[in-house]
Every structure is written in structure tokens, then in C-alpha cells.
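A.B. asks: First the structure, which I've put down as C-alpha cells, then a few questions once you've had a look.
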Amino acid sequence: MQINTGLSYVIKPKTMAIPLESFEVQVESPVDFASLKRNGMNLEAEIIAQQMFDYFSMLNGPTYVKLVKYFWVRAEVYDLEAAKIQENQAVARDPSLKGKSRKEMGLKPFRRTEIRSSMMGVPITITEEVIAKACRVSVEGRFLGNVSRKNPLLESFTNLVLKGNPATKLVEINGSHRVLLKFIIDCFFQKGGGSDQPSLDHKLVLYFLAAYQKINLPRYLMHHLCWAIKEGIKGKRKQVPCGRLLSEIFSQGKLLETLRRNKLAFDKALGTVSRKIINGKTLQNMKIIRKFAPSEKDLKESAVQTELMRDFPAISKEDNPEVLAELIAAYAKEPGGIILDKDTPNIPDEAPLRVRGKRAKIDVDSEAAGAQTKKQKLDKSEATNYDSMPTHAPKRKRGKGESSVTKEAAKLALEEDWDAEVEEPKSKKLQITGTEVVSPMFVMTPDMARRADDHAKKLAEEKKKKKEQYLAEREEKLKSLGLDNCDEFFVQKLAEVREIADTVEQEAVKEAKEMLK
């Protein structure tokens, strides 16, 4: 991560129309190979052939559900197809560029497929190299994507896994192959919704694992993530796969370190969860063994962050320190999570980004298990929630009626109440007592206090200017109508009379047309 890059703070627009709270972050399951071995399932040879022991160790760590969601809702895939669209757009703007190279078009050369998103305005790019480093595996091995039914390797799958009988059900295959299939579904490529049957691609992955042929795991994971993002952009998929892997990338890419150093977030506010471990008990649940033999040495679920790597490839660049200082000043006013100041450059219809401790619990429950009433879905997620904060933010209530004031007045009212719209209501206790809230983890320096004070004064001046501008425009309109000396009550009543007159006129025209027919 580079510091003092001079990049401007820009909030990347959302690429998915799915509401943030509707996303379901899928967390990979860690594996206790020692417990499996003690209960009669020794898969060490298969995993040694894949060189994946470090990958499975990485899976036993925290998943930051909120960070994954904020990353995902703005994610997009930059691949050969996206590069071609770029070229077509350049030609549409300037037809003389047709047939030119990307360099001649003023575009950067296409080198590799990337997943692009942003976190609090900081651009994040994930590549195959980044995934390989986070997985602790090499970018080599067998990879076959978008497999057709005519692929000859499917016959090899039938011969090895199904014992030559295509009618064999997957629950009837060899026990070790069933566990390998569970690894594929729970540790590599989480499906989420639809049939539990593996795709043709995943059948070949099972064949490679069973045949001790090394797979290119980073490429498979990149392929799966790109597919899921494209489906999410189309509105067809709300499941977010590889939650633990993405969290590890954020951690190793020093994004979490940046948040903590600037006191912008804490683990509890990020919605920390971990997935249930695949061990000897899993074999009993799958009816591969009759009785599970537990041990004190069995692997325990962990929420401890893995150690940072020195040579991890950069996924983002730290933004302008002045912008971070403004964020810290905003955080000082309302501690408890990540807050984007509403006056940083934003996109229309974009709300400020928040990760608040008070809402962490309900977000995690909705992602991992849905509503609390859906107990069956909660059990299926098998996720442990480390966040014990309370529930939903209160819903805003609407009034039963609206005053018939002019559109300009309504617009002004909305502008004046902007803070009330974006800031969550504070507790009644704080409103009554006026008690000052100070975060014990935050130290306000004089420079930060000065910046925050200047920022507040700037906001007040802008509101004052907008109000004066509106009143002047409103006065001119009233003058043009000859109503400059009338009081507000008369103007409102006149607007009501006009509205009634327009309605009567429309009804009269409608009746006249019916009579003419």
C-alpha cells in the first residue's frame, strides 16, 4: 500500500441493484484433518498432492461480513469482454479510432482479468496472483472451466468416482470421495440456492482430487468469483461466495490495518463470524461412520487474524491523508463504526457508508441465516457469530397527510433536513441529558478539533446560502404572479384552489369527451 498518492476521494457507484442487507455472505468451512484421521478418514495423501494444507489452515479464521458486503455491492469484473466494451465505447465517441490499437485509443493495455471494487473510496483490485498468495498455493495445475457434456474427462469421472455406472447417486459413492465433494461444496465453491448437484466443472474438480492430479485452485476461485459477481450484477444471485478468502485478502492487503490505525472500525463492528469445522462429527452426520470419537486435540473455531505476509501483493492504495483526517473527525462525533462524511464526493442516490456496532448482530444473522424465525436456514448456515450487539435500526415513520405547499418549498425542506435523513436517530437518553459521548479508543488532537469545527462552519454557511437563494427565487415568482404582498396562508390557500380548479377542468373535459362519443 502506498501512502500520499494524491488520489482524490471518490465513492465508486454500486454495480448491483440488490439491497445490501439482502446479500448472504457464504463462509468456507475449515477442516480438522487429524480428527478425520482419528475417525477412520485419512485424506492426507490427497491434500499433499494438492499442496493445500496451508489453504485449509487459513480457512480457520475470522470473516468480516460487513466489509465483504460493501466490497461486493460495488464489485465488477474487468476481463477480455469488458476490455472489448471499452474499445467499442471509444470508437463510438470517435469513429476514426476504429481498427486502432488500445494504446492508440488512449486505453491501457489489457493484461489480465481483475475484480475491481472500492472500500470507503479506496480502489481495490483482486487478481489471480492476490488469490494465490492469500490461499498459500501456487498458480499451477489443471483447470477446465465451462465444461461441455461432451468432454471426454467426464467419462473418466464416471469410471473412477461412479465405478463405471452413470446411474450411481453421489450419496452412494466411496466415503473418501463424498468427503472430497464436501470440500468442494463447503471449502472451495459455495453454491447457495438451486440444486445441490455439482456442476460439470465441479465434477471434474472431484475427479482431479480423487486422481491425485493437482488443480489450479487460484484460477478456479477467480473463475467462481467472477461468475458470482456477474450473476449478482444481473440480479440473479444474492449469495457472496468465499467470504473467508475475501476477508483474508482485506487483512493481508493491510486494509484492516489502515482502518484500525485510523480508528475507523473494530472487529465487532465489522460483523465477525466463522464457519463450523469439518471433522469426525461431520462423518457421523454424513452416516459414513456410526459413532464420533471426540478428542481434546480437536481443532477449535478461531477468530484470530492470521499473521501478515511481508510480500503480499498490493490490493489498494491508501488515500489522501486529509480525507482520512476528515473521516476521523466525523468518527469522533459519533463513535461505533465506519462513517463516510456526507460531504465527500458521492454518486446520485448513494447513501453514506456505515458499519455500526449497534446493527452488527442483525446484519450477521441476516447474512448467515436469514430472519430469526427461519430456524431451519439458521441451522444450515452453521456459522458462529462473535458479534453480540443489538438489532435493527428503527424504521422511519411517515405522516398521514402532506401539506399542499409548492414544490420549491418542499425541496428546501428536504435540503434543510438532510442531516436528519442520513444520520440515525440518537437515543432518547442522550437527547434528554445532552451527555457528551467520547470514544475510549479515540484521542482528539487540537488539529482534528479545528478541522471538524471548520467543516461544521462550512456546512452552516452552505445551508444559509441555499436558504437565501431559495427565498429570493420564491419572492420573484410570487411577484410575477402579483402575490408579493400576500401572507403565507393566502399563498397556500391559492395553491389549493388552483389544484381543485385543475382537477375540475380535467373532469369536465373527460365528461365532454364521453358525451361526444
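The values are calculated or read from the model by the stated rules, or taken from the named source; none is laboratory data. As the structure is a computational prediction, the values presented were derived from the model and not from experiment. When we count neighbours, we look across all protein chains shown, and the Cβ atoms used for this are built from the backbone with ideal geometry, even at glycine.
A.B. asks: Picking from Leu181, Leu162, which residue would you name as being surrounded by 13 or more Cβ atoms within 10 Å (Cβ to Cβ) and either among the polar types (S, T, N, Q) or within 28 Å of the chain's Cα centre (by Cα) (or both)?
C.D. replies: Just one listed residue meets the conditions, Leu181.
A.B. asks: Out of all the residues in region 20-44, which are among the small types (Gly, Ala, Ser), in contact with a Lys or Arg (Cβ under 9 Å, 6 or more places away or on another chain) and either closer than 15 Å to Arg178 by Cα or not in a helix (DSSP H, G or I) (or both)?
C.D. replies: Matches in region 20-44: Ser29 only.
A.B. asks: Do the conditions hold for Leu180, that is, is it at pLDDT 95 or above and out of contact with any strand residue (DSSP E or B) (no Cβ under 8 Å at 6 or more places or on another chain)?
C.D. replies: Criteria met by Leu180.
A.B. asks: Here are the criteria: (1) buried (at least 17 other Cβ atoms within 10 Å of the Cβ); (2) closer than 28 Å to Ile115 by Cα. Tell me which single one Gly192 does not satisfy.
C.D. replies: (1)
A.B. asks: Have a look at Ser148, Ser176, Ser117 and point out the one that is among the small types (Gly, Ala, Ser), surrounded by 15 or more Cβ atoms within 10 Å (Cβ to Cβ) and either over 27 Å from the mean Cα position of the chain (by Cα) or outside the structural domain of Leu246 (by TED's automatic domain parsing) (or both).
C.D. replies: Ser176
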